[in-house]
Structure formats: structure tokens, C-alpha cells
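Quick note: the coordinates plus some simple rules give every number you see, no bench work behind them. The structure displayed is predicted, hence computed values, not measured ones. Neighbour counts run over all protein chains shown; Cβ positions are idealised from the backbone, glycine included.
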Amino acid sequence: MERVPEEVLRAVAGRFSGAAADRVRAALQALVGHVGELERVCWCVLFLGEGDVTRVEQHARAAIADHRDVLWWAEYDGGETRLRDLSRGLPEDVQARALRSRGGLR
């Protein structure tokens, strides 16, 4: 059975606590079985949520309707130019992992 990736759940735990974290996890879990590219869509939903639980829930519902919208909103400039690739995580998390792998961040 497909599940929200552990790395995504760790990011949720680092950004939300208590009932807010529960709501975010539930919103992301609702994506399972309804979207292609689950991990990338989860990252996009978190990115678009900007730390706000209600926005995360809104974008999760939008992703269930058509996950391509969420990918486009999060990664593109409103046209055809891709601004970021969230398939590996949120920009600050990807940067931190790269620094850690080079021994520059603990």
C-alpha cells in the first residue's frame, strides 16, 4: 500500500506540531491513491501551504481534483518556465541535506 513518504512526514513534524501536524498529515494521506507522483505532489502542497494548515488542506483538495494544477502552481512561473523542482523536497530542505552531505551542517 502506498504511503506518504517518511521524508515528507519528517518535514511535517519539523514545521507543525500537535493538532496542526495531525491535520497536515491527514491532508497529505488523503492524496494517497488519488494523485500521480505522490511524493512530488506532497512537497508541492507543503510549499504552497506556506506553513498554514488551512492552505495545506486547500491545496491537498486541489491536488485530488487535478494534481497537475498543484505541480504547476508550485514549480512554474505561471507559464512554461520551471522555477523550481520540488521532486526532492522543499528548497531549504534540499539545500540543508546537500550541506550535511558535504560536512557543512549538522
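Of the helices (runs of 4 or more DSSP H) contained entirely in segment 1-91, those carrying at least 2 residues that are surrounded by fewer than 19 Cβ atoms within 10 Å (Cβ to Cβ) fall at 6-15, 18-29, 53-65, 67-75. In this structure, R10 qualifies as out of contact with any strand residue (DSSP E or B) (no Cβ under 7 Å at 6 or more places or on another chain) and among the basic types (K, R).
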